[in-house]
Amino acid sequence: VKEVAVSRTKVLFLALDAIEKDLVRAWTDDGSLPTLKMLLGRGLRGSTFVPQGLSVAVWHTLFTGCTPGEHGRYYYDQLVPGTYKTRIMRPGEVAREPFWFDFSRAGVRLAVIDIPKTDVTGAVNGLHLVDWASHDPDFRERPRSWPQGAADEATLRFGGDPVAANDFGGRGPSDATSFRDGLLRNIERRTRFYEALLTEQDWDLVFGSFDDGHQVGHLCWSIHDPNHARHDPALAAAIGDPIKDVYIALDRAVGRVLAAVGPEALVFAYSSTGMGTSNTGYGLLDPILCRLQGVSERRGRLHAAVKARWDKLPRTIQERFNRLKSTSREAILASGRATRDCFAIPMNDDGGAIRINLIGREPLGRVRPEDYDRFCDDLANDLMSVVNAETGAPILRGVIKSRDVHAGARVDDLPDLLMDWNAEAPIRAATSPKVGVVHQTLSPSRTGRHLPEGWLAVIGPGVPTGTLNRVVPITDFVPTLARALGVPGTTGGSFMRELFGH
Ligand SMILES: [Zn+2]
C-alpha cells in the first residue's frame, strides 16, 4: 500500500503580502484566481486596516499584537528620542516581543517563514526563516534562520533566490520581463518549500508569507494600470500584465499549499495592505514646512540633490552604503531641525511624517506643551490648504495626529503628524498662498504604493461561510491564534467568536 503523506498541521497562517483586494475581486470574477475564489466564497471573509498613516508598521503590529503606540516601530530609519538625529533600526528591534517566543514557551511547535520586518533574535520551538525568499528586507544580508543552518539547507534543496539583484529601487520596471519571470520562479521555489514543510513534519502553527505580489505591485503598477502617468502602452503590449501573472501564480501556489495542509487545518489567508497608483508629495513635505516657518530650504535642497543621485544607484550598492547615507543625511539635516518648530523625518514614500520640536521632549524644544494641540491643528490646516499646482486639488486627504489614534506608552516615539496624500494625480508641484510654489522630482522606481485596506479569509472545520461584520484590527490576529492553539495569558481582542461562536 502506497503511503500518502497527511499533514497534521493545526493552523496555517498564510500572508499574501499587499495583494490588492480590488484586483482579487476582478480576477476572481473573471475566473483567473480559482483558489482565492474558493477561499473567499467558502470561508469567513473580512477586511483589515493598517495602523492609520503607518502602513510600514503593519508587520510589527501584527507579530507583536500591539499597536504602534505600544511597540514604537514605524520605519526602518527612526528619530532617536531626545535627539534630532535618526538612526537605522535593526529589523528585529522592537519594544514588544514577537508572538513566536511566547507561543514557543507555551510548547507550540511552529514554523515562522519569511515574515517581513523581523529578524532571528532567539530560539523558537521549531523553525524560523528570515528573508529566505522575500524581497523587502531592511538590509539584504544572507537569509537568517533558527536553527542556524536551516536557511542554507533550504537553499541547497530548493535553490537560491532568483530575484536577488533586480529589486526595489533605481532600475525601475524597464526590465520587467526578467523581474516578473524571476518572481514566478521564486513562487515555485517557495511553494515546493511549503509543500515539503507541511507534508514532512507536524506543526501546530505554520506562519508564513508570499511577498511576490508586494514586489510586483510596487514596481509594475504603471504597466498594469493604463491610467498611470507613466504607463507605456508598447511595454504593456509586449509583456502583458506582470501583476496578473504573479497573482495567478500565487493563486496556484496557495492551491498547492492548501492541498498539502489538508482539510483538517484551520487556514488563514491574509493580505496586509492593498496596492494602488503611487502619487506622493513626500519630497515636498519638508520644503513646505520650511516655507511655512520662514526658514531656509538650503539643507533640504542639498539633501534632495544627494537623494536624487542616491535613488539612481543599484540596490546592491545602496545596501552596502545605507548606514553611510543615513549618517551623511543626518549631518546635513539634524542641526537645522533644532532651530525649527517642526520638521519632516524619514518615512516611506507612501506616507510622510512630521516631528514637533516640543519643549520638555526635544533637547532644544520650541513649542510649549500647552500649545501642542493648537500648533498641530494650525499646521494641519496650513498643509490641507496646499494644492497640486497642476490640478488645483488638495495634495493631502488628511493629516493624522498620532496622539489621537495611536495610544500607548511609546506614542512619543512616533512622528507627531502623519500625511495621507491625495494620490489621484502626480504631485510635481504644490502651492498655497502661504507656501508659494514648491517642486519635487518624482522618484523613478516605485509606481505602486500601499493602500491601507487589507483582507482576510478563514476556512477550516466548523468555520462558517460569511462576512465578518467589522473591520478586523491587525492586533487581533495574535490573540486569535493564541486562542486557537490554547496559548494561555494572551490578552486582547480576537475573532474566535465569529469563527466558532465561542
Ligand atoms: Zn511595500
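Quick note: the coordinates plus some simple rules give every number you see, no bench work behind them. What you are looking at is a predicted structure, and each value in this text was computed from that prediction instead of being measured. Note that each Cβ is placed from the backbone with ideal geometry, even for glycine, and that neighbours are counted across all protein chains shown.
Return the distance in nm (one decimal) between the two label points of a simple spin-label model at ARG298 and VAL471, each offset 7 Å from Cα along Cα→Cβ.
4.5 nm
Can you give the local net charge around HIS128? Use residues other than it whose beta-carbon is closer than 13 angstrom to its beta-carbon, Lys and Arg +1, Asp and Glu -1.
Computed value for this residue: -1.
Put +1 on the Cβ of each Lys and Arg and -1 on the Cβ of each Asp and Glu in the range 88-157; which of GLN148, GLY126, PRO98 then has its Cα farthest toward the positive end of the dipole?
Positive-most Cα among the choices belongs to GLY126.
Over the chain, with a single point scatterer placed on each C-alpha, what log10 of the ratio I(q)/I(0) does the Debye formula yield at q = 0.07, 0.09, 0.12, 0.13 1/Å?
The Cα Debye sum returns log10 ratios of -0.38, -0.63, -1.13, -1.32.
What size of dipole, in debye to the nearest 20, comes out for the range 382-489 about its Cα centre when the only charges are +1 on Lys and Arg C-beta atoms and -1 on Asp and Glu C-beta atoms?
140 debye
If one takes the longest principal axis of the Cα atoms in the chain, at what angle in degrees, from 0 to 90 and to the nearest 10, does the Cα axis of helix 242-261 lie?
Here the helix axis deviates by roughly 40 degrees.
Placing unit charges on C-beta atoms (Lys and Arg positive, Asp and Glu negative, everything else neutral), compute the dipole magnitude of the chain about its Cα centre in debye, rounded to 20.
Using only the charged Cβ atoms, the result is roughly 820 debye.
R0 = 45 Å: FRET efficiency of ASN227 with ASP373, Cβ-based, nearest 0.05?
That gives a FRET efficiency of 0.70.
Once amide H atoms are placed 1.01 Å from N in the peptide plane, what residues at a sequence separation of 5 or more from SER209, or on another chain, have their amide H within under 5 Å of its amide H?
ALA15, ILE113
Amide H neighbours of MET275 under 5 Å, at least 5 residues apart or on other chains, H built in the peptide plane: list them.
Amide H to amide H, under 5 Å and 5 or more residues apart or across chains, MET275 pairs with GLU20, LYS21, LEU451.
What residue among VAL267, ALA249, GLY281 has its Cα farthest toward the positive end of the dipole of the range 225-305, where the charges are +1 on Lys, Arg and -1 on Asp, Glu, each on the Cβ?
Checking the options against the dipole of the range 225-305, the answer is GLY281.
Once Lys and Arg get +1 and Asp and Glu get -1 on their Cβ, which of VAL437, LEU36, THR191 lies farthest toward the positive end of the dipole of the chain?
The one lying farthest along the dipole's positive direction is VAL437.
Loop only per DSSP, at most 16 neighbouring Cβ atoms within 10 Å: give me the GluC sites (Glu not before Pro) in the range 415-502, ordered by residue number.
Filter output for the range 415-502: GLU424.
Helix 212-224 sits at what angle to the longest principal axis of the chain, using alpha carbons and giving 0 to 90 degrees rounded to 10?
Relative to the chain, helix 212-224 is tipped by roughly 60 degrees.
How big is the gap, in Å, between the Cα center of the range 251-273 and the Cα center of the range 348-398?
43 Å
Compute the angle between helix 176-200 and the longest alpha-carbon principal axis of the chain, please, reported from 0 to 90 degrees and rounded to the nearest 10.
40 degrees
Starting from the 7 Å offset along Cα-to-Cβ, what nm value, one decimal, do you get for the label separation of ARG87 and LEU324?
With each label placed 7 Å out from Cα toward Cβ, I get 2.2 nm.
Calculate, in nm to one decimal, what PHE49 and THR491 gain on full extension: separation in residues at 0.36 nm each, minus their alpha carbon distance.
The span from PHE49 to THR491 would gain 157.1 nm if fully extended.
Helix-only mean residue ellipticity at 222 nm, the chain, DSSP H runs n ≥ 4 weighted -39,500 (n - 2.57), per residue, nearest 500. What is it?
-11000 deg cm²/dmol
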